[in-house]
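> Please read through the structure below; I'll follow up with questions.
The values are calculated or read from the model by the stated rules, or taken from the named source; none is laboratory data. Note that the structure is a prediction, hence the values are computed from the model and not measured. With ideal geometry, Cβ positions are generated from the backbone for all residues, glycine too; neighbour counts draw on all protein chains shown. Areas reflect the complete protein model, heavy atoms only, side chains present, ligands, DNA and RNA absent. Shrake-Rupley method; radii C 1.70, N 1.55, O 1.52, S 1.80 Å.
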Amino acid sequence: MTTPSRKLKRASAEPAPGRIARVLDGIERVGNRIPDPFVLFLILFALVAVVSAAMAAQGAQVEVPGGEDGPQPIRSFFTAEGLTWLTTSMVSNFIGFPPLGVVLTVLLGVGVAQRTGLLMALVRRAFGGAPRWLLPYVVALVAVSASIMSDASMVVVPPLAAMVFKAAGRHPVAGLMGGFAVATAAFSCSPFITSTDALLSGITNTAAAGVDLGTHVSPVSNHFLTFTIAILLSLVGGLLIDRVLEPSLERAKVTRERVAAEDAGRAEEGPDTRMDPELSREERRGLRWAGVTLLVLVAAVLAVCLPEGAPMRNEDGAFLPESPLLSSVVFLVFLVLALPGVVYGLVTRSITEGADIARMMGHTIKEMSGFIVLAFVMAQFLELFNWTNLSTWIAVQGAEGLEATGFTGFPAIVCFILLAFLINLFIISGSAQWALFAAVFVPMFALLGYEPGFIQAAFRVGDSTSNVLSPLSPYVVIILGFLRAYEPKAGIGTVIARALPFSLVFLVLWTLVLAIFFFAGIPVGPGMEARI
């Protein structure tokens, strides 16, 4: 017979978590066991060193089909040659790591544009003039475009969107969660060239060096695809905010008012009150002059590109597949960000002396110190992977296996996308995940006849669309603090559940668009076809 005390214990016990909650808990537990990316690449370096030694002892070798150098032996790291390679090339491996210089250069320009207030003013201007019915679509467009601000977009856009939604009489949580879901899930499809393009292309070129196949990948090699997706996801993201997210909040009777800070956990970390969508007279004047500066820059670029025999053309008078123009993309992106930023800063007085510009750039590089450290160990791992010929061996074996099964068409690309989607739940650093994937899959698919830049585009589909679902993402925790200002009992599961429709719809849509590019033979970027 059950005693009253036992009944009381059962009644007061916490309800058993549902199936989705258990899945999310499992994902979090598994993800927490994955080492920090720095430690992960040290482990991988050691693993490659040991495996290369074992295979070299067995006399393993690899021959690239159609290659001119003949069979190449797997080289052991634990030899005099291997140790000499490391001690003499460690510095050049690091300094020559393609993403390092490109990313830091682009971010110097981003730092000026962001710290002078130019990027924030542009975001506020976009929100401030939007009518009530158009707000979801404006939020989605700004969220997609704001990735030019790098990770800051996932912190800046959501609270600002919540504020303008509330001011327009719409549900602020719809703006908050919609802005976050679009900015995070669509992080890699900005209509602009961003530091992400530079980072991924550098890693891709490093990985492709082992087989020496395909077209050189530049920061614009995926731009036709990402620009198309940016427009589509802005429309679809706005539709999801308007027709799915906001109605669900109304049905759940989520309050439109912020609760008291003491009851909201981290609610005191809500939107900065300086994020007023109404610009001051000085800010509007700064935007006008920044716009004039941008027009002058565009005119100058056209002047050295359009005339016949212009210096930015190649020897054939064209721009593709390679030309000074494409090689100057990083320089041009830097100028487009830095010069209007400087002009805006001078007009608004956020820059009063030349030292202010240096300080802004210095703070940006300081914030990237974690990436610089990670780049050091990533560079050593990738170079060892290539030097031992282990990456080429895996690529050849994988390509031959896929060919033997006949699984080499677009379905193989879809499986690769889904793998990237799932692994991204556990490895939240896109650059770290791509460094792992690129080392194996870029050479493998290159041997099957796929351009490295196209495989990079396929990776971005899976990686970007699952960012918002990772319980390990620090931005999920940050947005939870904002959300608790309205829903004190909200948890990580709440954030993921609200963002799940965005993630799945974006995954399907982006995959379909990639399929259209693939089957229609449309380049994903300048000179970047699907096939070699």
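> Mind checking which residues of region 470-500 are open to solvent by 20 Å² or more (accessible area, probe 1.4 Å), touching a Ser or Thr at 6+ places or on another chain (Cβ under 9 Å) and farther than 23 Å from GLU257 by Cβ?
If the condition is that a residue be open to solvent by 20 Å² or more (accessible area, probe 1.4 Å), touching a Ser or Thr at 6+ places or on another chain (Cβ under 9 Å) and farther than 23 Å from GLU257 by Cβ, then TYR475 is the only one that fits.
> While we're here: Which ones in region 211-231 are more than 15 Å from GLN456 (Cβ to Cβ), at pLDDT 90 or above and open to solvent by 60 Å² or more (accessible area, probe 1.4 Å)?
Once the filter is applied, which keeps residues that are more than 15 Å from GLN456 (Cβ to Cβ), at pLDDT 90 or above and open to solvent by 60 Å² or more (accessible area, probe 1.4 Å), region 211-231 yields PHE227, ILE231.
> Could you pull out the residue among GLY354, GLY309, GLY341 that is touching a residue at least 60 places away in the same chain (Cβ under 8 Å) and over 22 Å from the mean Cα position of the chain (by Cα)?
GLY341
> Does region 524-531 include one or more residues that are in contact with a helix residue (DSSP H, G or I) (Cβ under 8 Å, 6 or more places away or on another chain), surrounded by fewer than 24 Cβ atoms within 10 Å (Cβ to Cβ), charged (D, E, K, R) and over 22 Å from VAL217 (Cα atoms)?
Among the residues of region 524-531, not one is in contact with a helix residue (DSSP H, G or I) (Cβ under 8 Å, 6 or more places away or on another chain), surrounded by fewer than 24 Cβ atoms within 10 Å (Cβ to Cβ), charged (D, E, K, R) and over 22 Å from VAL217 (Cα atoms), which makes the answer no.
> Do the conditions hold for LEU160, that is, is it modelled with pLDDT under 80 and either touching a Pro at 6+ places or on another chain (Cβ under 8 Å) or among the polar types (S, T, N, Q) (or both)?
Yes, satisfied.
> Just name the residue that is farthest from LEU225 (Cα to Cα) out of those in region 498-523 that are in a helix (DSSP H, G or I) and among the β-branched types (Val, Ile, Thr).
VAL505
> Taking the stated definitions as given, is VAL329 out of contact with any helix residue (DSSP H, G or I) (no Cβ under 7 Å at 6 or more places or on another chain) and open to solvent by less than 50 Å² (accessible area, probe 1.4 Å)?
When the stated conditions are applied, VAL329 passes them.
> Among all residue pairs at least 6 apart or on different chains, which show Cβ distances below 8 Å where the first residue, located in region 65-93, is assigned to a strand (DSSP E or B) and the second is modelled with pLDDT under 95 and open to solvent by 80 Å² or more (accessible area, probe 1.4 Å)?
Qualifying pairs under 8 Å: GLN72/GLN61; GLN72/GLU63; PRO73/GLN61.
> Within region 88-98, can one find any residue that is within 33 Å of the chain's Cα centre (by Cα), within 21 Å of VAL330 (Cα to Cα), modelled with pLDDT under 90 and buried (at least 21 other Cβ atoms within 10 Å of the Cβ)?
Looking through region 88-98, at least one residue is within 33 Å of the chain's Cα centre (by Cα), within 21 Å of VAL330 (Cα to Cα), modelled with pLDDT under 90 and buried (at least 21 other Cβ atoms within 10 Å of the Cβ).
Rundown of residues vs (1) of a type outside the set (Phe, Trp, Tyr); (2) surrounded by fewer than 18 Cβ atoms within 10 Å (Cβ to Cβ); (3) modelled with pLDDT of 85 or more; (4) more than 30 Å from VAL91 (Cβ to Cβ), yes/no style:
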residue	(1), (2), (3), (4)
LEU382	yes, no, no, no
PHE407	no, yes, no, yes
LEU425	yes, no, no, yes
GLY449	yes, yes, yes, yes
